[in-house]
Amino acid sequence: MNNTPITPPRPFDVTAVFPQLAPLARTATRLHPRTGSPSPQDSSIGGPLLWPADEPWPHCDGPHVVDGMNLALSPADVRLERRIRAVSRGRSLTPQEQETLERIRPPREYPLKLAVAPYEGSIAMLPVAQLYIRDVPDLHTPEGADLLQVLWCPFDHPIMPKTALFWRSAATVTDILTTPPEPPAMQFDGYLPEPCLLNPEQVTDYPDHLELSKELQKQLGNWSVWQAADTAVDSAYASYPQEFYDSELAGAPGWKVGGWPRWGATDPAPRLCPACNSDMDALLTIATFEGDDGSSWLPHEEPADGPPTGFDHFESRQPTAVQIGSGYDQQLYVCPAAPEHPHSELMH
């Protein structure tokens, strides 16, 4: 049995219909995170980092604010709640489990109080991703580095977590920090990634139609071109075939390194390095979902043996438990000339 996620072939070769796309192809590495028990020596999402014991753990100086609409929980309580939900799946909660869940999330009083509650002082950041270059072909590291570590503050700044990137040589880390500090609370549960091992897979991406030339956009929007090529695309897309292109043929969804970003929450905008004004490259897509229901991008994989043991509220569509906004992606960009320059981030 093969449990390794594998992306199905695209519905057809889009460059055979639109050859102008061929020179715009980029490779991307889909990470396919799946719940596991990573070690500091593994590439992972939400796993322990290969962090030097003598190096200060990154903290965020704020601001950190929670309003009355949200219930800020500690990472420990979020993990405990997830474990109880997982082990009780398919049966009733025990009295002790029910009591614990009510302690974590006390009954709310309505109307909700909207008072703002700030958290004073700096807050420890949480591990998001650890990527070894040996595992991720599309990870381009600075000279001498073979490891990327991504952390974030589990509070909005202002509409998504603020990230920090660290490039390092794994061989130089001989004494590992085993118990890093954690924040006292998080703004949203979805800002605590569930520990996941990765199943990297390289695929080919093409730009969103909004990033193409006006002429090529016009061709993509011409339904007769699609019909003449006998693409067998559903006629439901006849009035807007660009939607099929964007969702099924352009950029791969889910967690990935490199490639082309998928746009939705915002339109494409110039991504310029704040230090040298160079065009920035897509580095990492932090995704809420692996793909939409029914998407041709959803990977083939055999179901795991035995019942699920971790977070699986959305099964394979949301293995990391991460949620950005209402289900968007957080895209990190780096300067190709100097990856150590300040990075930028956008919500897509």
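The values are calculated or read from the model by the stated rules, or taken from the named source; none is laboratory data. Everything quoted here is computed from the prediction, not taken from an experiment. Reconstructed Cβ throughout: ideal geometry from the backbone, glycine too, with neighbour counts over all protein chains shown. SASA here: full protein model, heavy atoms, side chains in, ligands and nucleic acids out. Shrake-Rupley method; radii C 1.70, N 1.55, O 1.52, S 1.80 Å.
So here's what we get for this one:
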{"item": "With Cα atoms, 0 to 90° folded angle of helix 95-104 axis to the chain main axis", "result": "80"}
{"item": "Relative contact order (%) - the chain, alpha-carbon pairs under 8 angstrom, separation at least six", "result": "26"}
{"item": "Cα-based radius of gyration of the chain once divided by 2.2 N^0.38 Å, which approximates compact folds", "result": "1.06"}
{"item": "Nearby aspartates and glutamates by direct alpha-carbon distance to Lys218 (threshold 16 angstrom, same-chain neighbours under 8 apart not counted)", "result": "Asp208, Glu243, Asp246"}
{"item": "Highest to lowest packing among 82-93, 242-253, scored as the average C-beta count within 10 Å", "result": "242-253, 82-93"}
{"item": "Anchor Lys256: aspartates and glutamates whose Cα lies under 14 Å away (excluding residues fewer than 8 positions away in-chain)", "result": "Asp135, Asp138, Glu201, Asp205, Asp281, Glu290, Asp329"}
{"item": "For the range 3-16, 3J(HN,Hα) per residue [Karplus equation, 6.51 cos²θ - 1.76 cosθ + 1.60, θ = phi - 60°, Hz, x = Gly/Pro]", "result": "8, 6, x, 10, 5, x, x, 4, x, 6, 6, 5, 6, 6"}
{"item": "Gaussian network model of the chain, springs between alpha carbon atoms under 10 Å - residue of Ala170, Ala228, Ala238 with greatest fluctuation", "result": "Ala228"}
{"item": "The chain: angle of helix 75-87 to the longest principal axis, Cα-based, in degrees nearest 10", "result": "70"}
{"item": "Proportion of all alpha-carbon pairs of the range 221-290 beyond 18 Å (%)", "result": "53"}
{"item": "Probe 1.4 Å, protein heavy atoms only - accessible area per residue of the chain in square angstrom", "result": "48"}
{"item": "Cβ crowding within 10 Å averaged over residues, with 318-326, 254-262 ranked highest first", "result": "254-262, 318-326"}
{"item": "Shape call, the range 142-206: gyration tensor on alpha carbons, a/c limit 1.5", "result": "oblate"}
{"item": "Solvent-accessible area, 1.4 Å probe, carbon plus sulfur percent, for the chain", "result": "53"}
{"item": "Cα gyration tensor shape for the range 188-311, rounded if a/c is under 1.5, else prolate or oblate", "result": "oblate"}
{"item": "Over the chain: helical MRE at 222 nm, DSSP H runs n ≥ 4 each giving -39500 (n - 2.57), nearest 500", "result": "-3000 deg cm²/dmol"}
{"item": "Label point at Lys162 placed 7 Å out along Cα→Cβ; residues across the range 257-291 whose backbone nitrogen lies under 18 Å", "result": "274-275"}
